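Read-outs: derived from the displayed coordinates by stated rules, not from any lab. Everything numeric here is computed off the predicted structure, so don't read it as measured data. A quick note on method: Cβ atoms are made from the backbone with ideal geometry, for glycine too, and the neighbour counts reach across all protein chains shown.
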Amino acid sequence: MASIFTKIIQREIPADIVYEQDNIIVIRDINPQAKTHLLIIPKKEIPTLNDIVDDDSELMSDMFLAAKKVTKDLGIDEWYSLRLNVWEKWGQEVFHIHMHLLSDI
Ligand code: AMP
């Protein structure tokens, strides 16, 4: 079954999309934990960071480059935090890799 993020990527359910490129989408978290709370999501559905393979290295670096671009575009590039949860014990709820980008600006 497709993850909730794949459904957003495929426009089956709505989301506040901040940025999109061929392999990544950035949306606003539906339950923000900071003034700005974004999710940087690879379009490839990978359940957890433990499931990445060597071929995903460019995709993983693209997630960081997307963070750099979006924070610059939003003017929050001098004050933000990135977080990636792995497995339920550390808070992962959606099993489709995503990086939280949080800023109080
Ligand atoms: P995690 O706990 O690391 O798996 O984070 C999952 C995040 O996805 C949570 O912060 C949720 O608030 C967020 N989330 C879940 N469903 C949606 C949705 N439909 N649109 C935007 N964010 C969502």
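Here are the numbers for this structure:
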| item | result |
| --- | --- |
| Matching entry among K68, K72, K7 (being among the basic types (K, R) and in contact with an Asp or Glu (Cβ under 9 Å, 6 or more places away or on another chain)) | K68 |
| Residue identified as under 14 Å from the mean Cα position of the chain (by Cα), within 15 Å of M99 (Cβ to Cβ) and within 11 Å of the ligand (Cβ to nearest atom) among I17, I27, I4 | I27 |
| Check on E78, among the charged types (D, E, K, R), under 20 Å from I4 (Cα atoms) and assigned to a loop (DSSP other than H, G, I, E, B) | no |
| Count of residues meeting criterion [out of contact with any helix residue (DSSP H, G or I) (no Cβ under 9 Å at 6 or more places or on another chain), in contact (Cβ under 8 Å) with a residue 24 or more places away in the chain and more than 19 Å from P42 (Cα to Cα)] in region 80-105 | 1 |
| Total residues in region 43-68, condition surrounded by 15 or more Cβ atoms within 10 Å (Cβ to Cβ) and charged (D, E, K, R) | 5 |
| Answer residue from region 72-101, given it is more than 10 Å from the ligand (Cβ to nearest atom) and under 13 Å from the mean Cα position of the chain (by Cα) and is surrounded by the fewest Cβ atoms within 10 Å (Cβ to Cβ) among those | S81 |
| Cβ pairs under 8 Å, 6+ apart, first in region 22-35 and touching a residue at least 60 places away in the same chain (Cβ under 8 Å) and loosely packed, with under 13 Cβ neighbours inside 10 Å, second part of a loop (DSSP other than H, G, I, E, B) and charged (D, E, K, R) | K35/D104 |
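Conditions tested, residue by residue: (1) β-branched (V, I, T); (2) under 15 Å from H100 (Cβ atoms).
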residue: I13; (1), (2): yes, no
residue: H37; (1), (2): no, yes
residue: K44; (1), (2): no, no
residue: T48; (1), (2): yes, yes
residue: E58; (1), (2): no, no
residue: K68; (1), (2): no, no
residue: K72; (1), (2): no, no
residue: R83; (1), (2): no, yes
